[in-house]
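The values are calculated or read from the model by the stated rules, or taken from the named source; none is laboratory data. On a predicted model such as this, the values are computed, not experimentally measured, just so you know. Cβ: placed from backbone, ideal geometry, glycine included. Neighbour counts: every protein chain shown.
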Amino acid sequence: MQDLEQFRLEVRQWLQDNCPESQRQPATPEEQYWGGRGGHFPSDDARLWFEHMRDRGWTAPEWPEAYGGGGLDPRQARVLKEEMKRIQARTPLYSLGVWMLGPALLEFGNEAQKQRHIRAIVNGEIRWCQGYSEPGSGSDLASLQTRAEDRGDHYLVNGSKIWTTSADKSDWIFCLVRTDPAAKKQEGISFLLIDMASPGVSVTPIELISGESEFCQTFFDNVKVPKENLVGELNQGWSIAKALLVHERKLMSELGSDSPRQQVAPTAAAREYLAFDNGRIADAQLRSDLVDYDMQMHAIGLTHFRCFEEKAAGVQSPAPLVMKYLGTEAEKVKSELLLAIMGSRGLGWEGDEFTAAELDTLRLWAMSKAMTIAGGTSEVQLNVIAKNVLRLPQS
Ligand SMILES: Cc1cc2nc3c(=O)[nH]c(=O)nc-3n(C[C@H](O)[C@H](O)[C@H](O)COP(=O)(O)OP(=O)(O)OC[C@H]3O[C@@H](n4cnc5c(N)ncnc54)[C@H](O)[C@@H]3O)c2cc1C
């Protein structure tokens, strides 16, 4: 414990010395650095901050130093996270490679794959996207139809993926493909890494109601993929897919901690926008809703801590299985609360008469709904909880 406190002091001092002042506030989407071949830094300070963190391996603090990671143990990594949060230091590198693929590769990849891809992820050289969902295969992911045929020295991939976030900006895609159409659906799937620059890969952005196009449909038309890009055993990709989803859901259960919205806590918004009566929020319903929300968030925070301690102690616990559902549903409640508190000030879409935080409110309200779908819908999470946590009988 004393070592950990010493480590905390060192981290605090290091952050003080190395985190530029401008990087000590939440990043807007335009201010996030995603790396990749086409990645550009939003500012010189963002570059400096990224380089300092990368050089310590702290873009992936818990990964082995041998692959460029920070080599921290879970408690040290937690201290780093807490100290960054204390000064509101930005995430230096946003990356599906760091959050999802890397942990899966470290567990299931062979040495050559780790050497090739892990350091490139830590260094932000390659931007990855996720090729799981297909038209017709979302919640029922194992029914996916994109197929990869064995052609001797390579696989030939045909099919399409949908809702591929930022496929048009990504360099590589990690993909689930069907390699044995005759097998039971979960048993005929493999996990393949595909260079987006391969001939036959094309991407069509999907325009959203917001006017933005973060989603794409990704097409594979006779794409040759070297066999060395198969992760794990042939037809064993479903286990890797599920392990990766655990990392994705963990990430999503913690969403919001780095977003501008995080700054507008409902209680703070209440002080700014609501009428008070004798020191209490005058609207009894809103007062009660706020207390419910605060209690829920406190409980979620404690459960996160419990999950962390259980994992560090090597205790198997079902608690992480409920966190994606709880975290993303709580974000939805928070957004609804903010709109109720801010009234028409929370309904602005554009215009100088609104503050930046006000303009953000409606976009993030819409996004909060998407978060209960991405990475497995809330209904599907409830099914998982019913089956694996509560052990309810299956229909
Ligand atoms: C913001 C965002 C980003 C995403 N990014 C990616 C990405 O990068 N890569 C990728 O591969 N995918 C991505 N997705 C897709 C996402 O994984 C799917 O949308 C999700 O798995 C749901 O699948 P679906 O859209 O096909 O809905 P469906 O599976 O068709 O579900 C439709 C409705 O039916 C309900 N339902 C389905 N099955 C059951 C059941 N058994 N019991 C009860 N209810 C059920 C669902 O809860 C939902 O309400 C993203 C989605 C979002 C919203």
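Numerical summary
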quantity	calculated
Residue match in the stretch 329-337 (condition: among the basic types (Lys, Arg) and either more than 16 Å from the ligand (Cβ to nearest atom) or free of Cβ contacts under 8 Å to residues at least 12 places away in the same chain (or both))	yes
Check on Arg306, farther than 30 Å from Ile118 by Cα, of a type in the set (Lys, Arg) and modelled with pLDDT under 95	no
Given (1) within 24 Å of Glu82 (Cβ to Cβ); (2) in contact (Cβ under 8 Å) with a residue 60 or more places away in the chain, index of the condition Arg306 fails	(2)
Check on Leu392, more than 20 Å from Leu251 (Cα to Cα) and either surrounded by 18 or more Cβ atoms within 10 Å (Cβ to Cβ) or touching a Leu at 6+ places or on another chain (Cβ under 6 Å) (or both)	no
Residue within the stretch 213-229 that is within 13 Å of the ligand (Cβ to nearest atom) and over 18 Å from Ser137 (Cβ atoms) present	yes
Single unsatisfied condition, Ala374 versus (1) part of a loop (DSSP other than H, G, I, E, B); (2) away from the ligand (no atom under 16 Å from the Cβ); (3) not polar (S, T, N, Q)	(2)
Pairs with Cβ under 7 Å, 6+ apart, first in the stretch 13-39 and more than 17 Å from His52 (Cα to Cα) and not assigned by TED's automatic domain parsing to the domain that holds Ala357, second buried (at least 16 other Cβ atoms within 10 Å of the Cβ) and basic (Lys, Arg)	Ala27/Arg90; Gly36/Arg127; Gly36/Lys169; Gly38/Lys169; Gly39/Arg127
Top-ranked residue in the stretch 139-163 [being within 27 Å of the chain's Cα centre (by Cα) and basic (Lys, Arg); ranked as farthest from Glu187 (Cα to Cα)]	Lys161
Qualifying residue in the stretch 336-352 (condition: in a loop (DSSP other than H, G, I, E, B), among the small types (Gly, Ala, Ser), more than 16 Å from Pro266 (Cβ to Cβ) and within 25 Å of the chain's Cα centre (by Cα))	no
Contacts under 7 angstrom Cβ, first residue in the stretch 128-153 being farther than 14 Å from Glu248 by Cβ, partner more than 6 Å from the ligand (Cβ to nearest atom) and acidic (Asp, Glu), 6 or more apart	Leu144/Glu134; Gln145/Glu134; Thr146/Glu134
Enumeration of residues in the stretch 148-168 that are crowded, with 18+ Cβ neighbours inside 10 Å and of a type in the set (Lys, Arg)	Lys161
Residues located in the stretch 312-332, provided they are among the charged types (D, E, K, R) and exposed (fewer than 15 other Cβ atoms within 10 Å of the Cβ)	none
Residues satisfying the stated conditions in the stretch 141-159, i.e. more than 13 Å from Pro181 (Cα to Cα) and within 13 Å of the ligand (Cβ to nearest atom)	Leu141, Gly159
Of all residues making up the stretch 279-325, the number that are more than 15 Å from Glu254 (Cβ to Cβ), among the hydrophobic types (A, V, I, L, M, F, W, C) and touching a Lys or Arg at 6+ places or on another chain (Cβ under 8 Å)	2
Criterion (modelled with pLDDT of 95 or more and in contact with a Cys (Cβ under 8 Å, 6 or more places away or on another chain)) met by exactly one of Val225, Val157, Val201, Val231	Val157
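Table: residues versus (1) in contact with a strand residue (DSSP E or B) (Cβ under 7 Å, 6 or more places away or on another chain); (2) surrounded by 17 or more Cβ atoms within 10 Å (Cβ to Cβ).
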residue: Glu62; (1), (2): no, yes
residue: Gly70; (1), (2): no, yes
residue: Pro92; (1), (2): no, yes
residue: Leu96; (1), (2): yes, yes
residue: Gln145; (1), (2): yes, no
